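Enquirer: The structure that follows is given in the form of structure tokens.
The values are calculated or read from the model by the stated rules, or taken from the named source; none is laboratory data. Given the structure is predicted, the values throughout are model-derived calculations rather than measurements. Glycine also receives a Cβ, built like all others from the backbone with ideal geometry; neighbour counts cover every protein chain displayed.
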Amino acid sequence: MENSFVIKGNICQTKIAKELDLHPCSYVVCVNGISKGIFKVLPQEYVDLPLFDYGDALIFPGMIDLHVHAPQYAFRGMCMDLELMDWLNQYTFPEEEKYENLEYADKAYDLFVNAMKKSSTTRTCIFATRHRFATELLMEKMEKSGLVSYVGKVNMDREASKGLVEESADMSAYVTFGWLNSVKGKFKNTKPILTPRFIPCCTDKLMEELREIQMAYGIPVQSHLSESKGEIEFVKSLRPDNEFYGESYNDYDLFGKNDDINADVKTVMAHCIWSSEEEVNLMLKNGVFVAHCPASNMNLTSGIAPIRKYLNLGLNIGLGSDIAGGHNLSIFRVITETIQVSKLYFRLIDENYKPLVFSEAFYLATKGGGSFFGNVGSFEHGYEFDAVIMDDSVLVHPQKLNLAERMERAVYLSLDEKNIIAKYVAGKQIL
Ligand code: GUN
Ligand code: FE
């Protein structure tokens, strides 16, 4: 059977947010890309499958990056002294303009895809640029990598640099149709996702056309929401009749549900730092996912998202690197930052909202974001088999550490940046 095998090692996961689920020196079985669960003693029915023994290594579920901009990877870690709207206008839009040139896109997207492949991330939701052909090139590269992704050609027909803004709503929609028809059924692991950049960059006419496209193709949606105060003020001036920002997506049935046809519209919104109670309630009602991007929220001085509050309410939440608002692709780092900013939120903003503990942030990075992709983010029976295997012997310690200590330390010290020894996505070994 293809993609059927057993791996052995120290298995670390979170089935629920509140606690770690640790299995020292155990087996996890993969049959046809699907996990059959974790076993201390290998059941007889699996003893004939190939066994890969990773010795004392750590085995984690693959990480999920629920929000990343591929074309911003090349300029990550610079131009970090401005807030969102100025940062977009001065640095980001000019960088994205370059993706009109396929030679540049080819080089830059190679860097991105190679880094993604080597990282601990197995699945991701990606923004490309507004350029159709560069987006298709990125999709081809992602497919070759073996990673699983949603990739979006960005829609933006106002309020951007001349070289980047699309010429009209009709042109944006027309190019989107061309792109969707071209990639339809083309890839196994790489799927299109509708990507209105954010309300400041999308006219009402474009949003109306995207609504039609979403209904015609039934594809999921990704965008940005309530990220910075300047952005929110701008949205208020553009759409004064909306009570809150999220309504501007919901008015076009691009916010979790299409009530007219009683259909789910799988949606992920990045940031949600300043969401009002009404906005949060609608997200909850419609099952909208939050992509929490703490590095970006710090770098662009956007704020701290109240993740404890969202967890208490039961919102769908995953983590995002948000390259290049965020400066690092490692979701291990994002887990750490998630905990750190939740401590600042608690101490400086509202002591009713306790900091996240390690298991909770790990859960968000795996099962939390994973649920956007289905049964993903754990080795429980029936879950798609995504795994990262790491050698933590480089993290020397004078005493023997237990598995919980080793797991936390691997994340805090970003073991994923240099010490991954194997990686599996949907049952296929890609590293
Ligand atoms: N809002 C609209 N576009 C962007 C972007 O590229 N990055 C971030 N962080 N926020 C945005
Ligand atoms: Fe973003």
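Enquirer: Select from segment 187-208 the residues that are within 14 Å of ligand 2 (Cβ to nearest atom) and within 15 Å of residue 219 (Cβ to Cβ) and list them in ascending order.
Expert: Within segment 187-208, the first condition is being within 14 Å of ligand 2 (Cβ to nearest atom), and the residues that meet it are 193, 195-201.
Listed by number, the residues that qualify are 193, 195, 196.
Enquirer: Quick check on my filter: what residues within segment 39-63 are within 28 Å of residue 119 (Cβ to Cβ) and hydroxyl-bearing (Ser, Thr, Tyr)?
Expert: Hit for segment 39-63 is 54, nothing else.
Residue by residue, here is whether (1) surrounded by 22 or more Cβ atoms within 10 Å (Cβ to Cβ); (2) more than 14 Å from ligand 1 (Cβ to nearest atom); (3) modelled with pLDDT under 95 holds:
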{"residue": "264", "(1), (2), (3)": "no, yes, no"}
{"residue": "267", "(1), (2), (3)": "yes, yes, no"}
{"residue": "291", "(1), (2), (3)": "yes, no, no"}
{"residue": "295", "(1), (2), (3)": "yes, no, no"}
{"residue": "320", "(1), (2), (3)": "yes, no, no"}
{"residue": "325", "(1), (2), (3)": "yes, no, no"}
{"residue": "334", "(1), (2), (3)": "yes, no, no"}
{"residue": "344", "(1), (2), (3)": "no, yes, no"}
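Enquirer: Further question: Would you point out which residue out of 225, 210, 180 is on the phi < 0 side of the Ramachandran plot, away from ligand 1 (no atom under 14 Å from the Cβ), touching a residue at least 12 places away in the same chain (Cβ under 8 Å) and crowded, with 24+ Cβ neighbours inside 10 Å? Steps first, please.
Expert: Working: 225 fails: away from ligand 1 (no atom under 14 Å from the Cβ); 180 fails: crowded, with 24+ Cβ neighbours inside 10 Å.
None of the other options fit; the residue is 210.
Enquirer: Step by step: first the residues of segment 39-92, then only those that are hydrophobic (A, V, I, L, M, F, W, C), without any contact (Cβ under 8 Å) to a residue 60 or more places away in the chain and assigned to a strand (DSSP E or B), then the one that is surrounded by the most Cβ atoms within 10 Å (Cβ to Cβ). Which residue is that?
Expert: Looking at residues that are hydrophobic (A, V, I, L, M, F, W, C), without any contact (Cβ under 8 Å) to a residue 60 or more places away in the chain and assigned to a strand (DSSP E or B), I get 39.
Enquirer: Taking segment 1-36 as the region of interest, how many residues are modelled with pLDDT of 95 or more, farther than 21 Å from residue 358 by Cβ and either surrounded by fewer than 18 Cβ atoms within 10 Å (Cβ to Cβ) or of a type in the set (A, V, I, L, M) (or both)?
Expert: Keep residues of segment 1-36 that are modelled with pLDDT of 95 or more, which gives 4-36.
Checking the rest, the ones that are also farther than 21 Å from residue 358 by Cβ come to 4-8, 25, 27-36.
Applying the additional criterion that residues be either surrounded by fewer than 18 Cβ atoms within 10 Å (Cβ to Cβ) or of a type in the set (A, V, I, L, M) (or both) yields 6-7, 25, 28-29, 31-34.
Total satisfying the criteria: 9.
Enquirer: Here is a follow-up. Looking at 270, 263, which one is more than 28 Å from residue 323 (Cβ to Cβ) and among the small types (Gly, Ala, Ser)? Working first, answer last.
Expert: On the way: 270 fails: more than 28 Å from residue 323 (Cβ to Cβ).
Matching residue, one of 270, 263: 263.
Enquirer: For the list (1) over 21 Å from residue 193 (Cβ atoms); (2) in contact with a Pro (Cβ under 9 Å, 6 or more places away or on another chain); (3) away from ligand 2 (no atom under 16 Å from the Cβ), I need the number of the one condition that residue 241 fails.
Expert: Here residue 241 clears every test but (2).
Enquirer: Using the structure shown, decide if residue 53 is over 29 Å from residue 141 (Cα atoms) and acidic (Asp, Glu).
Expert: Values: over 29 Å from residue 141 (Cα atoms): yes; acidic (Asp, Glu): yes.
For residue 53, the condition - over 29 Å from residue 141 (Cα atoms) and acidic (Asp, Glu) - is met.
Enquirer: Answer yes or no: is there a residue in segment 59-70 that is over 24 Å from residue 326 (Cβ atoms), touching a Phe, Trp or Tyr at 6+ places or on another chain (Cβ under 9 Å) and of a type outside the set (S, T, N, Q). Explain how you work it out, then say what you get.
Expert: Step one: list which residues in segment 59-70 are over 24 Å from residue 326 (Cβ atoms), which gives 59.
The next check asks that each one be touching a Phe, Trp or Tyr at 6+ places or on another chain (Cβ under 9 Å); those that pass are 59.
Remaining after also requiring of a type outside the set (S, T, N, Q): 59.
Among the residues of segment 59-70, at least one is over 24 Å from residue 326 (Cβ atoms), touching a Phe, Trp or Tyr at 6+ places or on another chain (Cβ under 9 Å) and of a type outside the set (S, T, N, Q), which makes the answer yes.
Enquirer: Any idea which residue in segment 297-318 is surrounded by the fewest Cβ atoms within 10 Å (Cβ to Cβ), counting only those that are free of Cβ contacts under 8 Å to residues at least 60 places away in the same chain, hydrophobic (A, V, I, L, M, F, W, C) and closer than 20 Å to residue 283 by Cα?
Expert: Start the filter on segment 297-318 by keeping residues that are free of Cβ contacts under 8 Å to residues at least 60 places away in the same chain, which leaves 298, 304-310, 312-317.
With hydrophobic (A, V, I, L, M, F, W, C) added as a condition, the list becomes 298, 304-305, 307, 313, 315, 317.
When the remaining residues are screened for being closer than 20 Å to residue 283 by Cα, the result is 304-305, 307, 313, 315, 317.
Details: 304: 18, 305: 27, 307: 27, 313: 13, 315: 19, 317: 25.
Only one residue tops the list, namely 313.
Enquirer: Which one is nearest to residue 324 (Cα to Cα), of the residues in segment 273-290 that are in a loop (DSSP other than H, G, I, E, B) and within 16 Å of ligand 2 (Cβ to nearest atom)? Quick ask: steps written out before the conclusion?
Expert: Going through segment 273-290, the residues in a loop (DSSP other than H, G, I, E, B) turn out to be 273-276, 287-288.
Add one more test, that the residue is within 16 Å of ligand 2 (Cβ to nearest atom), and what stays is 273-275, 288.
Numbers: 273: 18, 274: 21, 275: 22, 288: 23 Å.
Step by step, filter segment 273-290, then rank; the result is 273.
Enquirer: Separate question: Among the residues of segment 324-356, what is the count of those that are touching a residue at least 40 places away in the same chain (Cβ under 8 Å) and either touching a Lys or Arg at 6+ places or on another chain (Cβ under 8 Å) or closer than 27 Å to residue 424 by Cβ (or both)?
Expert: Of the residues in segment 324-356, 19 are touching a residue at least 40 places away in the same chain (Cβ under 8 Å) and either touching a Lys or Arg at 6+ places or on another chain (Cβ under 8 Å) or closer than 27 Å to residue 424 by Cβ (or both).
Enquirer: Six or more apart or on different chains, Cβ under 6 Å: which pairs go from a residue in segment 1-24 that's over 17 Å from residue 371 (Cβ atoms) to one that's part of a loop (DSSP other than H, G, I, E, B) and aliphatic (A, V, I, L, M)? Could you list them?
Expert: Cβ pairs passing all conditions: 4/49; 5/49; 6/49.
Enquirer: Also, quick follow-up: Condition test on residue 298, is it in a helix (DSSP H, G or I) and away from ligand 2 (no atom under 16 Å from the Cβ)? Quick ask: steps written out before the conclusion?
Expert: On the way: in a helix (DSSP H, G or I): yes; away from ligand 2 (no atom under 16 Å from the Cβ): no.
It is false that residue 298 is in a helix (DSSP H, G or I) and away from ligand 2 (no atom under 16 Å from the Cβ).
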